[in-house]
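Rule-based calculations on the coordinates, nothing more; no lab input. Note that the structure is predicted; figures quoted are calculated from it, not measured. For neighbour counting, all protein chains shown are included, and Cβ atoms are generated from backbone atoms with ideal geometry for every residue, glycine included.
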Ligand SMILES: Cc1cc2nc3c(=O)[nH]c(=O)nc-3n(C[C@H](O)[C@H](O)[C@H](O)COP(=O)(O)OP(=O)(O)OC[C@H]3O[C@@H](n4cnc5c(N)ncnc54)[C@H](O)[C@@H]3O)c2cc1C
């Protein structure tokens, strides 16, 4: 059958394309199809949709040690890949810091960045006003000398154009001269399982696959539920928008975020695709869509969420968390026209760059995206980070932040599942040679995530 494949990938973002690359480069699987309803890398992975941070775990104050080690090891795969590919504008080294403003945050930073932490990241150092002035002067200019500030700073940050990275993965995969087919601008609308095969239906055709991976954001949970999987999961779509100003910083300035919260506090970022601007965000708004500003996705969102008793109880439980309440409330205010911009400037932007005025910042209309935050209905709580759901010959990836940074680690997981299921070979030695310095690193990459 012409339309028959060993593996079908639905979704051409950074997760789906890294999987395409991994399967083509490190396995003997030959027939692979990737279905993408837009172009490659135009969803959350697009440079305008996300914050472009290569998350390593050093300035993310909401991560615990386990998450830090996992994120650091996973993100190194991207560094290795981009060093090999050497494509312009894919990745850029920049300085980065997490800034503490006010007594509580200053104490938080001093406590967190102790000797033990710095031994994990030797490039990090704690710096005070005088040094901050040297490395990122606009943080100090216009700030009251009475305001306490401190930062944990490193020269070794990276910004990544994850949309371009997706395109690069596809180019690398196509070089392997296997039977790789791309169906772009074609939407998967249904899936069913018959006689051990999956049949993925689009508006144009039906494709038969032995193994399927949905790397389609929140849509993954919608399709999983259609097939009877994911009953213990629900989701919240968390939109993130940005403001921007003329370029006023050199790298990345993160803020202190409390542990256990799945999103970072508003930060300021140099932009890899537009050197003239600095971006501020993302905001945190719960919306009833699976895709940014796509109102037509509401029906599928409700199906993915599943409005049952456990979901409602989970939502109540999550909304009772005082820290989440605070974030939701202030972000609601930020979404009010004009007044919202004023508060965003005062409460967020000016904490980082005090001298900016109301007319200096603009809403970033072209940007923003949705983070599919998955809810564990049994535990009645949000899961931090990427969730994958495994069925018989099928996987569903739902990847909020730092999903893009760990895309190759996710791809490795699906690659191992696919080769195991299809009785094919994963070229572990070739993978190790390209990506790992030690067997320990490989173990971290392949350890099962606990949520
Ligand atoms: C505001 C914001 C800031 C973020 N910042 C960072 C950051 O700084 N660093 C980081 O590592 N991560 C960040 N993330 C997370 C990161 O963007 C995602 O983890 C990552 O892009 C997810 O990749 P993906 O391939 O799963 O999703 P996408 O890139 O969204 O790809 C999914 C693809 O599936 C396609 N699709 C959906 N349904 C179908 C269908 N039925 N048929 C065919 N195709 C379909 C879509 O068109 C889309 O192209 C951020 C996310 C947001 C929203």
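Do the sum for the chain: with -39,500 (n - 2.57) for every DSSP H run of n ≥ 4, divided by all residues, what is the mean residue ellipticity at 222 nm, to the nearest 500 deg cm²/dmol?
-10000 deg cm²/dmol
Defining a contact as two alpha carbons under 8 Å apart and six or more residues distant in sequence, what relative contact order in percent does region 4-446 show?
25
Given the peptides 379-391, 131-143, arrange them by the average over their residues of other C-beta atoms within 10 Å, most packed first.
The peptides rank, most packed first, as 379-391, 131-143.
Need one word for region 4-446: rounded, prolate or oblate. Basis is the Cα gyration tensor (sqrt eigenvalues a ≥ b ≥ c); a/c below 1.5 gives rounded, then a/b vs b/c decides.
Verdict is prolate for region 4-446.
Quick check on region 4-446: of the DSSP beta bridges with both residues there, what percent are antiparallel, nearest 5%?
Looking only at bridges with both residues in region 4-446, the antiparallel portion is about 70 percent.
What distance in nm separates the two pseudo spin-label positions at residue 355 and residue 184, each 7 Å out from Cα along the beta-carbon direction?
4.3
From the square roots a ≥ b ≥ c of the eigenvalues of the alpha-carbon gyration tensor of region 367-417, which class results: rounded (a/c under 1.5), prolate (a/b over b/c), or oblate?
It is oblate, given that a/c is not under 1.5 and a/b is not larger than b/c.
If you average the alpha carbon positions of region 349-403 and of region 152-199, how far apart do those two centres end up, in angstrom?
Cα centres, region 349-403 to region 152-199: 20 Å.
Taking Cα centroids, how far is region 93-113 from region 279-335 in Å?
Taking the Cα centre of each part, region 93-113 and region 279-335 sit 28 Å apart.
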